[in-house]
Amino acid sequence: MEPYTKLQNGSKIAVIGGGPAGSFFAHFILKFARETGIALKVDIYDRKTFATHLPKDCNMCAGVIGSNLYRRLENEGMPLGTKVIRHEVKGYAFHSNKRVVAIPQDPFSPIYTVFRGITPKPCVDEYVSFDKYLLDNAIKSGANHVPELVENIILSDRDSEKPLIKLREGTKTEEVDLVVGAFGVNSRLSKKWDFGYFPPETWHACQAEIEVEPGFIKDRHRDMIHIFTLGEKNVKFVAFTPKGRFVTISAIGEHVKIKALEEVLDYKEVRAYLPEGWRISCHCHPKIPVTAAKVPFYKRLVMVGDACDSRYLKNGIESAIYTSLFAAESAIRHGVSKEAFKKYYYPRCRKMFSFDNRFGKFLFKVNEFAASHPFFSELQFSIANFEQEKLAPKVRFFSKTLWYLFTGEMPYKKIFWKGLDPRLQLTLVWQLLKTLLKKISEISRKLSGEKPKEIDFDKASEYDFDGRGFATQPKSVKTGREKPPFIENGTTIAIIGGGPSGASCAIKLLLEAQKENKNIRVVIFEGKDFNFHYNQCMGILSPKVEECLVKELGISLPEELIKRTIKGYVLRSGRKEIFLDQKNRDKRYYTVRRVEFDRFLLDKARETGVEVVNSRVSGVEFVRTANNDEVRIYCESQYFRADAVVGAFGLDEAMLNQFEHATANFYPYKRPKGYLKTFITKIHTDPEFINKKFNDSIFAFLLSSLPTVEFGAIGPKGDHIIINIAGKNVTSLDMDFFLNQPQVKSLLPEYDKSQLNYYAGRFPTSAAKNTYGHRYVIVGDATGWMKPFKSQGINVAMITGIRAALVMHRYGFSRKAFSEYAYKCMDLTEDYYHGILMRRLCNISTNYHIIDGIIHISQRNEKLYKLIYDFVSGEKSYKEIVAELLEFSIYRDLASELLKSFFSKSR
């Protein structure tokens, strides 16, 4: 790399534009500079402050923050607080040709709305605009905001000369090492440049703000974003986005004027979602990029955000993140030359957006065609309503297609291939036949003089809005269908088991009830006394556990519970070992005494208001008669009635038998079939000895000398070490042999073998069947949804408990409602077959001494090192690890290392 194209200490970077793209670039370039030890001077030039209600501080955007973007901001240390978020969206409602279908928001994938400026009108609240929040974050990271307008950028053809930026005020110029064009497509700088840059082609949309009364959005809009696809030639679609006291209305088309928007707002089905006497508070005509820019880079110049490329009609903010990330990585690692940007920046943008946008344009064309033809529009909504009414969430393919198309939460290419799923095509054919028959029937009635029934859109709020297709019949109409059970005042939920899954579920149930001002009763049945009971568990808390405690349950992990903060893992085979460093210090692993953690969580449940019955359950009965629909629970101390029951009993043999018997007559629960046996023991010793030997690391073992032991582990606690072995046919004798292995013995203090206590246990390696049904759901170990090496056991227990609670509050506790729970847990269930493959590969590599060579090569190969770390720590799923194993680069690097090793030995 030439010296004059490399960023060095003191290099100056001018970021032109203080919107998301500019702020994100400043954040990433300063972050990467700190990691590489470079001190940079980053100035963000933008006359906007995003802190006033004036038009000059507005960035003309609908301001929807999807779950992917929300999580990405959290991961980058920019969590959106209540002062930035204006509204939480409960779902999307799609309108076309007097038909409406609502698709509820995924409770585990929140969607929020924000204002890019403050608000269209002055108000007394303390909200912060989204753009100001990002700009303030960039300033905290070390950037400097210059509130001036850049009039021109002066570039030179000479490599050694740096670009100049000319400010509007006077003739002041600044020489910089790198210019970053984050000025979007609404700036005068977005023009054709001599070096070949052509800005993206754009549409002129129309955006307006309407002020509404408090409660209007909840009562009339049901806190949803409404999409109107009306078949208008000049307006592709109109979106109503709720933002507290305002509704943002966005009309998308090639050239939409305010008059065209007003005409659309006068449609009867659109007018139903506007307040009486509505007025437009303000409006604007932002440009929306619909193609990629050409040559968005030059020597010491790079364009990011809309000025470079973005997703077609969607996710401008998320596109700004990725183009800024790619540009910052390229500048730090490869320099700021034209060749570097051409090789390392631009291809990544094209790969992510340009090819994908071809699919996006096709999908929107299909949707536009359907909206302009009543027959196809009705077919669309028939399929969506059928899916919402009849199908489980995981097979609602058309609803997902609509959802992802307008939320932008999935690449267009993936949406396209989902649309070709054979099951969706069969549904399409079936609904096509039904729609044809319906049309024939309508024509017949019309010929006989019968008038078709019309929907009264002026009474839209009186119509069903439950996600199955609202505004099709009044709420008061009785359909004869049984009302599904939902959580309401007086609901009683029983939880069998007070471990992490049961306690987490109970706490979340009450927290959600408090948010909704509902008075419910939650009772935990736990027969164990956590003051004396010993749990057969290593007691490793992953970062996800702490995240669940803080974010989902509002609980901080006390310092006294933590026995050790884990720095990494040491993997030992028969002949080799490697230290696997936990490099991300923000993700902390802890070791705890499991019985103390369980007692702490159960005490927190009591503090929240959960009743705890210290008694074993001896029987469960599901009663469904003409007069009764309830769960009856029998225990050693009392008889109990409940509206729903949560099975958090782990692998307790008696409760597994009880539940299988209780559900035998309807969707019978079947326990996991596959298990690994475990034996655990502990050795007390001096903490100084533990510090010296273990250095806050967990030791994992893959030993060919013990074929029945699939893996072993030793973890440091406060004043003792805990030792664990696992295998399909492992016995206590294997623990004796394991303790005598040289690789293990070197870590152990002197101890009296006769004083050791062995604790036998097991954990599932296959999934249970029918983990939910009418008024019951299974969580934790009893689901069989375990993660690699079981260091994620507590994590899975808490996640399933929390998700079950959220599903009960959002969807109820019928079998159909709990199908949402299974859908949300697919990230856990889909790992099974990948886990089988990885276990077999691990056993083969251990028994045939291949693991020794893998460890040796991974000490020099970063990809293989990371893969082994993810496998041992359980930080990634088996599915992700298998995907990485299938990458060609892994085998190319392995072959290269083997050849190097061979030739070095030959010499």
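The values are calculated or read from the model by the stated rules, or taken from the named source; none is laboratory data. Quick caveat, the model's predicted, so the values are computed rather than measured. Cβ: placed from backbone, ideal geometry, glycine included. Neighbour counts: every protein chain shown. For accessibility, only protein heavy atoms count, side chains too; no ligands or nucleic acids. Shrake-Rupley method; radii C 1.70, N 1.55, O 1.52, S 1.80 Å.
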Seminar exercise, completed: Everything considered on the Cα gyration tensor (a ≥ b ≥ c; rounded for a/c under 1.5, else prolate if a/b is larger than b/c, else oblate), the stretch 68-127 must be described as oblate
For this session: Run the numbers on the stretch 607-647 and let me know its relative contact order in percent, using alpha-carbon pairs under 8 Å that are six or more apart.
Result: 30 percent
Exercise. What's the extension gain from S896 to I850 if we count 0.36 nm per residue and subtract their Cα-Cα distance?
Worked result: 14.9 nm
For this session: Take each of the peptides 13-21, 398-406, 201-209, average the number of other beta-carbon atoms within 10 Å over its residues, and list them starting from the highest.
Result: 13-21, 398-406, 201-209
Problem set entry | Alpha carbon centroid spacing (whole Å) that separates the stretch 364-397 from the stretch 289-353 | 35 Å
Problem set entry | Charge tally in the Cβ shell below 12 Å around F24, where Lys, Arg are +1 and Asp, Glu are -1, F24 excluded | -1
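Given Cβ point charges of +1 (Lys, Arg) and -1 (Asp, Glu) and nothing else, what value in debye, to the nearest 20, does the dipole of the stretch 296-343 about its Cα centre take? Could the numbers behind the result be given before it?
Values: 8 positive and 5 negative charges, 46 e Å.
My answer is approximately 220 debye.
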Seminar exercise, completed: The farthest towards the positive end of the charge dipole of the chain, of the residues Y273, F416, G718, given +1 on Cβ of Lys and Arg and -1 on Cβ of Asp and Glu, is F416
Exercise. Which value at 222 nm does the chain reach when only helices count, each DSSP H run of 4 or more adding -39,500 (n - 2.57), with the total divided by all residues and rounded to the nearest 500 deg cm²/dmol?
Worked result: -10500 deg cm²/dmol
Seminar exercise, completed: Out of N691, S766, P749 - ranked by how far each Cα lies towards the positive end of the dipole of the stretch 663-776, with unit charges on the beta-carbon of charged residues - the top one is S766
Exercise. According to a simple spin-label model (label point 7 Å from Cα along Cα-to-Cβ), what is the distance in nm between H684 and Y667?
Worked result: 4.9 nm
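Where only protein heavy atoms count, and the probe is 1.4 Å, what is the accessible area per residue for the chain in Å²? Before the final figure, lay out the partial values.
Details: 41290 Å² over 907 residues.
Spelled out: the 1.4 Å probe surface of the chain, per residue, equals 46 Å².
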Problem set entry | Counted charge near E232, where neighbours are those whose Cβ lies closer than 11 Å (Asp, Glu -1; Lys, Arg +1) | 0
Problem set entry | Size of charge dipole - the chain - debye, nearest 20, with Cβ of Lys, Arg +1 and Asp, Glu -1, no other charges | 1980 debye
Problem set entry | About the Cα centre, charge dipole magnitude for the stretch 373-444 (Lys/Arg +1, Asp/Glu -1 at Cβ), debye | 240 debye
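Considering only protein heavy atoms and a 1.4 Å probe, what is the carbon-and-sulfur percentage of the accessible area of the stretch 329-384? Let's see the in-between values first.
Details: 1690 of 2780 Å².
Answer for the stretch 329-384: carbon and sulfur cover 61 percent of the accessible area.
Please give the net charge around E596, taking every other residue with its beta carbon less than 10 angstrom from that of E596, where Lys and Arg add +1 and Asp and Glu add -1.
+2
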Problem set entry | the stretch 573-653: relative contact order in percent, alpha carbon pairs under 8 Å with at least 6 residues between | 15 percent
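So, by mean Cβ neighbours within 10 angstrom, what's the order for 157-168, 67-78 with the highest one leading? Please report the intermediate quantities before stating the final value.
Numbers: 157-168: 14.3, 67-78: 16.0.
In descending order of packing, they fall as 67-78, 157-168.
Please say if the stretch 1-46 is rounded, prolate or oblate, where rounded means a/c under 1.5 for a ≥ b ≥ c the square roots of the C-alpha gyration tensor eigenvalues, and otherwise the choice is prolate for a/b larger than b/c and oblate otherwise? Before the final figure, lay out the partial values.
Values: a/c = 2.34, a/b = 1.64, b/c = 1.43.
Since a/c reaches 1.5 and a/b is larger than b/c, the shape of the stretch 1-46 is classed as prolate.
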Seminar exercise, completed: Between the residues L313, I85, A642, the Cα farthest towards the positive end of the dipole of the chain, that dipole coming from +1 and -1 charges on the beta-carbon of Lys, Arg, Asp and Glu, is from L313
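Could you calculate the FRET efficiency of W203 with F375 from 1/(1 + (r/R0)^6), where r is the beta carbon distance between them and R0 is 25 Å, rounded to 0.05? Let's see the in-between values first.
On the way: r = 28 Å, r/R0 = 1.12.
After rounding to 0.05, the efficiency reads 0.35.
I want the antiparallel fraction of DSSP beta bridges within the chain, as a percent rounded to 5. Don't skip to the end; give the middle numbers.
Working: 93 of 134 bridges.
If I count the DSSP bridges inside the chain, around 70 percent turn out antiparallel.
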Problem set entry | Mean Cα-pair separation over length for the chain, i.e. relative contact order, pairs under 8 Å, 6 or more apart, % | 10 percent
For this session: With 5 Å bins from zero, work out the P(r) of the stretch 568-613 over every alpha carbon pair and list the percent per bin.
Result: 5, 15, 14, 12, 12, 14, 9, 8, 6, 4, 1
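Give the shape of the stretch 373-444 as rounded, prolate or oblate, defined through the alpha-carbon gyration tensor: a ≥ b ≥ c are the square roots of its eigenvalues, a/c under 1.5 means rounded, and otherwise the shape is prolate if a/b is larger than b/c and oblate if not.
Values: a/c = 2.28, a/b = 1.92, b/c = 1.19.
Prolate is the answer for the stretch 373-444, as a/c is 1.5 or above and a/b outweighs b/c.
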